Structure formats: structure tokens, C-alpha cells
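Asker: Please find one structure pasted underneath; my questions will follow.
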Amino acid sequence: MIRMQQVSKTFDHGQTFAVQEVNLEVADGETLVLLGTSGCGKTTTLKMINRLVEPSSGIIEVDGRNVMDCPLQKLRRNIGYAFQGVGLFPHFTVGENITIGLRLDGRPKKERLARAREMLALVALEEEFIDRYPHQLSGGQQQRVGVARALAGAPKNLLMDEPFGALDAITRDTLQKEYLKLQRELNKTVIFVTHDIIEALTVADRIAVMHAGRIEQVGSKTEILQQPATDFVRHLFAKPAEQLRDYWEAMHE
Amino acid sequence: MSESALALFLASHATELGQKTVEHLLLTGISTGLAIGLGLPLGVLVAKNSLVRGPVLGIVGVFQTIPSLAMLAFLLPLLGIGFKPAITALTLYALLPIVRNTYTGLAGIDRDIIEAAAGLGFTERQKLLLIELPLATPVIIAGIRTAAVIGVGIATLSSFIGAGGLGDYINRGLAMNNTQLILLGACSAAILALIIDFLLGLLGRALRKA
Ligand SMILES: Nc1ncnc2c1ncn2[C@@H]1O[C@H](COP(=O)(O)OP(=O)(O)OP(=O)(O)O)[C@@H](O)[C@H]1O
Ligand SMILES: [Mg+2]
């Protein structure tokens, strides 16, 4: 379980807030999608959970423990994180990247190799990628290796920052379906960041809509769609339909 | 000088030339080694701690601005003549390129990579040894290369305080007004510098591939 209570973050001594008074609760085995426009504070929210960013105020708990009381390395090793910037290690092969956590834990090479294969299959990459270097991969392939790395340590909690952002609609759809299947088996506690509405609706158990550092609404997909709490939420979901309509009208003029 | 005269000249100096070259290599090698041992940790410190960055880079930079002969003269009353003051001076000169390149190499690593390492739960030590130093290695090697090549040049001057090396030929040539001896010292040092630069270049490339 991940819980945030009145969490705020300012980078400029209180003049502006990247994240403001956020309250969130993600139940065990649940996927909460954090949906919002660029710069609204999604990444900052994720980073505070594993203390890559220290909150300015508020309390964050992971599995009932205040993260400020957890030993830093232990906390991070127990939370899988797929970074928005991916951040693969360029001097390690794909296989080594995926299993770096196991290496830090001193797991034997054979186990790491098997694990790397398993994870590659999970993110729909062929096995021969295992010995390649990150620069030999496309952006989307790198991103999938990043997801595999986040999953490799079998963490109970998972933070995914636009994990499929660089993928085409078809591969993205495959991986979203794969994700759902996986999630039914593995039951991880996930915060999934995206600004793609369809992706949000596909993978979410619940959606939190974020805007300018604040959570505008948290709820099930139906709640968000049928009872938008603010104009922003209504607008956010109406936008794609509006654009599609404009497009059709323009085409038939 | 005809070709055979040159051969004769070289042959008559062969044993001594070998010995002087070894001395020269020792001067350069030991001082560069010491500068690596000192400069690498200093470079890491400078990269990690912005408070000491200015002062440390400033101080190692100052060493480099002292003219070599003046530096040897300064060290004379402190350490006397011979090998020790020469090594000290050479080490101080070699420090700047190594410290600065270690710092530059570490500072130039993509922020996303550093953040990923931290976020995956690396300790500071694991991050440094597994990620940062390996990625900074090409830049660090370039610094060591610069240091070694400068070292070979400056080491010729340490002959003035009796530390030996190829500078002995230059010194002797100057005293005896013998151009051949001066050239023998100068050319051998230049060739040595080129060879060392080439070998360290190879090492750099090999490490990059590894
Ligand atoms: N280290 C930092 N220093 C100063 N400001 C920061 C820092 N990190 C983020 N910010 C600011 O905080 C705000 C939220 O940034 P954040 O990265 O959380 O946005 P985001 O929702 O993830 O956006 P995107 O969808 O573009 O990734 C932005 O205005 C950003 O400029
Ligand atoms: Mg972001």
C-alpha cells in the first residue's frame, strides 16, 4: 500500500508548488493512474515516494511505514521504478541492465541470466536483445528494457513514469494488454503515470487527475467519466472527442 | 652527419641511452602514478562536493602555472637535490589534468543515468564504482595521457637537480656545447612522449570497448 497525506513540494522556498496538498491511497494490488498535463507534478509525486525528491511537507507511507524512517537503499530496492528518462546504463548490456538489482543483491549469474530472459519475454522483446547495448536499441525498446529492469527484482510496489510513452499505438496496445494480464497474476501495487487518456482508461483500476500540482479528482473510471468533479477533468476527457469532431468537420468541408 | 656516423654515435651511447631512458620512465611513471593515486580521489571529491571544488581546482591549477625550473628551485631547499624533489615537482604538475578530467568526466554523465542508479537503490559507493567511474573512464584516461606527456617533457628538466633521465644529455650537451648530445636527449624524450601517448590512447580505446 502507498499512502500520501497532504504532501507538498516546492523547489523555490514556497513561491510556487510543483505538488500541493496531495492525498492519495493506493491499495495493495491496485493500479492507480496518475493522469495530467505536462508539468503538472506527476514525476515529482513519484520521486517523492522513493525519496529521489524530498517532500517539503506531508507524510508518505509505503506498506504502512513512513518512508522517511526507512533506510534509503532498502526503500528503493523494494520499489520498482520505470523512469520517465529511462536511464539505462550505457556500458551494461540489456541483460545486465535488467538484472542490476539482483547483482547488487549478490545473486548468482545463472539466476540473473534466467531472470533477464524471463523479463525480456514479459516486455515482448526477443531474446537476442539480451547481449546488446542500450545504444543499439530504439527508444521504445529502451523504454521496455527500463520496465523490465523495474520488474526484475519482483518488487511489491511499482512506480511507472510514462513507461510506454515512446511507443507506437500498436505496440503500446500490446504492452497495455500484457500489463493487464501480468497485473492479474502478480498483483502489484502500482502508480502508473501517463498523459494518454486511452492508456489511463485501459490500465487503471482508479484514476487520479492532476492539474497544476493538485489532485483534481480521484475515482473509478466511471466516476471520472460520468461525474467529473471539476471543469478541468471534464475538459481533459472531452478534448480528444472534440478534436476528432473538428477533424471530421474539416475533412468534410 | 652521415648515416654511418649517426649509427656510430648512437651505438656508442646505446647502453647509457637505455639507462637514461629507464630513469626517465621511472621519473614520469612514478610521478604520474602518484598523481593518479592523489588526483583521482581529489577529482571524485571535487565532483561530489561543490564547496571544495573551487579551492581544490584553484590550488592544483596554481601548481601548473609555476614555471618548471622555478618549481624545482623552490623544492631545492625543502627536499634537497635528486630523485625526491623531481618526483614531487612532476607529481604536482600531473595533478591538474587528472583532477580536472576526473571531475569533468564525472560531471558530464547524463543526469538520467545517475538518477536511475540512485532510484534503483545503489549505495553511493556502488554508484561510483559500477556506474560513474566506468562512464568517466575515457575522459580520465585522456587526463592521464596529458599528464604523462607533460611529465616526459618536464622530466628532462629534473636533470638540473641531479635526478637523472634523458635531460642529462641536454645538460651535458649544453655544458660541452655539443649539439648532438642535446638532440639525443631532446629527440629521445620526444619519441618517448609519442610512444606513451600512443599506448595510453590504445588503453583508452580498449577500456571503452570493455
Ligand atoms: N528539480 C527541480 N527543480 C525545480 N523545479 C522542478 C524540478 N523538478 C521539477 N520541477 C518543476 O516542477 C513542476 C512539475 O514537474 P514534473 O516533472 O513533476 O512534471 P510532470 O507532470 O512529470 O510533467 P511531464 O508530463 O512533462 O513529465 C514543473 O513545473 C517543473 O518545472
Ligand atoms: Mg514527468
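The values are calculated or read from the model by the stated rules, or taken from the named source; none is laboratory data. Because the structure is a prediction, the values reported are computed rather than measured. As a convention, Cβ positions derive from the backbone with ideal geometry for all residues, glycine included, and neighbour counts pool all protein chains shown. All accessible areas refer to the heavy atoms of the entire protein, side chains included, with ligands and DNA or RNA removed. Shrake-Rupley method; radii C 1.70, N 1.55, O 1.52, S 1.80 Å.
Asker: Please report the net charge: other residues with Cβ closer than 12 Å to the Cβ of A:Gln6, K and R +1, D and E -1.
Answerer: Value of the local net charge: +2.
Asker: Also, I was wondering about something else. Take the residue pairs A:Lys42/B:Lys127; A:Lys188/A:Lys221; A:Lys181/B:Lys127; A:Lys188/B:Lys48; A:Lys74/B:Lys48 and return only those whose Cα atoms are more than 31 Å apart.
Answerer: A:Lys181/B:Lys127; A:Lys188/B:Lys48
Asker: Quote the FRET efficiency, to the nearest 0.05, computed for A:Ala121 versus A:Ala154 with a Förster distance R0 of 22 Å and r equal to the Cβ-Cβ distance. Spell out each step's value before the answer.
Answerer: Working: r = 15 Å, r/R0 = 0.69.
After rounding, the FRET efficiency stands at 0.90.
Asker: Considering every residue in A:88-98, what mean count of other chain Cβ atoms within 10 Å of its Cβ is obtained?
Answerer: Partner Cβ neighbours, averaged per residue: 3.
Asker: Would you work out what percent of the accessible area of chain B, with all protein chains in place, is carbon or sulfur (probe 1.4 Å)?
Answerer: On the way: 7240 of 10330 Å².
Here carbon and sulfur together make up 70 percent of the probe-accessible area.
Asker: Once you have a ≥ b ≥ c as the square roots of the Cα gyration tensor eigenvalues for the range A:17-87, tell me rounded if a/c is under 1.5, and otherwise prolate or oblate according to whether a/b is larger than b/c.
Answerer: The shape class here is rounded.
Asker: Would you mind counting up the charge near B:Leu57? Only other residues with Cβ under 14 Å from its Cβ, with Lys and Arg at +1 and Asp and Glu at -1.
Answerer: Local charge sum for B:Leu57: +3.
Asker: Among A:224-230, A:246-252, how do they line up from the highest to the lowest mean number of other beta-carbon atoms within 10 Å?
Answerer: Highest-to-lowest ranking by the protection proxy: A:224-230, A:246-252.
Asker: For the range A:111-174, count the residues as N, evaluate 2.2 N^0.38 Å, and divide the Cα radius of gyration by that value, please. Each step should come with its number before you reach the end.
Answerer: Working: Rg = 11.6 Å, N = 64, 2.2 N^0.38 = 10.7 Å.
Cα Rg divided by the expected 2.2 N^0.38 Å: 1.09.
Asker: Now, a different point. Give the distance, in whole Å, between the Cα centre of the range A:77-156 and the Cα centre of the range B:1-54.
Answerer: Using only Cα atoms to place each centre, the spacing works out to 43 Å.
Asker: Within the range A:109-125, which residues have the backbone N less than 12 Å from the label spot 7 Å out from A:Glu185 along Cα→beta-carbon, could you tell me?
Answerer: A:118-124
Asker: Now, a different point. For A:His211, list long-range residues whose amide hydrogen, built 1.01 Å from N in the peptide plane, is under 5 Å from its own amide hydrogen.
Answerer: Excluding prolines and chain starts, which carry no amide H, the hits are A:Glu216.
Asker: Related question: Per-residue HN-Hα couplings for the range A:16-29, Karplus 6.51 cos²θ - 1.76 cosθ + 1.60 at θ = phi - 60°, whole Hz, x for Gly and Pro?
Answerer: Karplus values, whole Hz, x for Gly and Pro: 10, 10, 6, 9, 9, 6, 8, 10, 9, 9, 10, 6, 4, x.
Asker: Determine the equivalent ellipsoid of chain A by diagonalising the alpha-carbon gyration tensor, then write out the semi-axes as square roots of 5 times the eigenvalues, largest first, rounded to whole Å.
Answerer: Square roots of five times the eigenvalues give 30, 25, 16 Å.
Asker: Could I ask something else about it? Whole-Hz Karplus ³J(HN,Hα) for the range A:238-246, in order, using 6.51 cos²θ - 1.76 cosθ + 1.60 and θ = phi - 60°, x for Gly and Pro?
Answerer: Each residue's phi maps through the Karplus curve to give 6, 4, x, 4, 4, 4, 5, 4, 4 Hz.
Asker: Over all directions, the average projected area of the alpha-carbon convex hull for the range B:18-129 comes to how many nm²? Mind showing how you got there, number by number?
Answerer: Details: hull surface 35.6 nm².
The number I arrive at for the range B:18-129 is 8.9 nm².
Asker: Please give the residues of the range A:55-93, grouped as numeric ranges, whose backbone N is less than 17 Å from a label point set 7 Å along the Cα-to-Cβ vector of A:Gln136.
Answerer: Residues A:88-93 qualify, since their backbone N sits under 17 Å from the label point.
Asker: Enter the mean number of other protein chain beta carbons within 10 Å of the beta carbon of each residue in B:118-130, as an integer.
Answerer: 6
Asker: Sort A:178-184, A:137-143 by the packing proxy (mean of other Cβ within 10 Å over each peptide's residues), most packed first.
Answerer: A:137-143, A:178-184
Asker: Could you sort A:185-194, A:125-134, A:102-111 so that the peptide with the highest average Cβ count within 10 Å comes first and the rest follow in order?
Answerer: A:185-194, A:125-134, A:102-111
Asker: What distance in nm separates the two pseudo spin-label positions at B:Leu199 and B:Leu183, each 7 Å out from Cα along the beta-carbon direction?
Answerer: 2.7
Asker: Further question on the same structure: A:Val53's amide H: which non-local residues (gap 5+, or another chain) put their own amide H closer than 5 Å, with H modeled 1.01 Å from N in plane and none for Pro or chain starts?
Answerer: A:Met48
Asker: A:Glu30's amide H: which non-local residues (gap 5+, or another chain) put their own amide H closer than 5 Å, with H modeled 1.01 Å from N in plane and none for Pro or chain starts?
Answerer: Correct list: A:Val190.
Asker: Got a sec to turn the phi values of the range A:53-62 into Karplus ³J(HN,Hα) couplings, 6.51 cos²θ - 1.76 cosθ + 1.60 with θ = phi - 60°, whole Hz, x for Gly and Pro?
Answerer: 10, 8, x, 7, 7, x, 10, 10, 10, 10
Asker: Related question: Taking the alpha-carbon distance from B:Lys84 and a cut-off under 18 Å, which lysines remain once sequence neighbours fewer than 8 residues away in the same chain are dropped?
Answerer: List returned: B:Lys20.
Asker: Go ahead and estimate [θ] at 222 nm for chain A from helices alone: -39,500 (n - 2.57) per DSSP H run with n ≥ 4, summed, over the residue count, rounded to 500.
Answerer: Details: 10 runs with 104 residues, N = 253.
After summing the helix terms and dividing by the residues of chain A, the value is -12000 deg cm²/dmol.
Asker: Which whole number gives the average count of other chain Cβ atoms within 10 Å of the Cβ atoms across peptide B:105-116?
Answerer: Across the residues of B:105-116, the mean count of other-chain Cβ atoms within 10 Å is 4.
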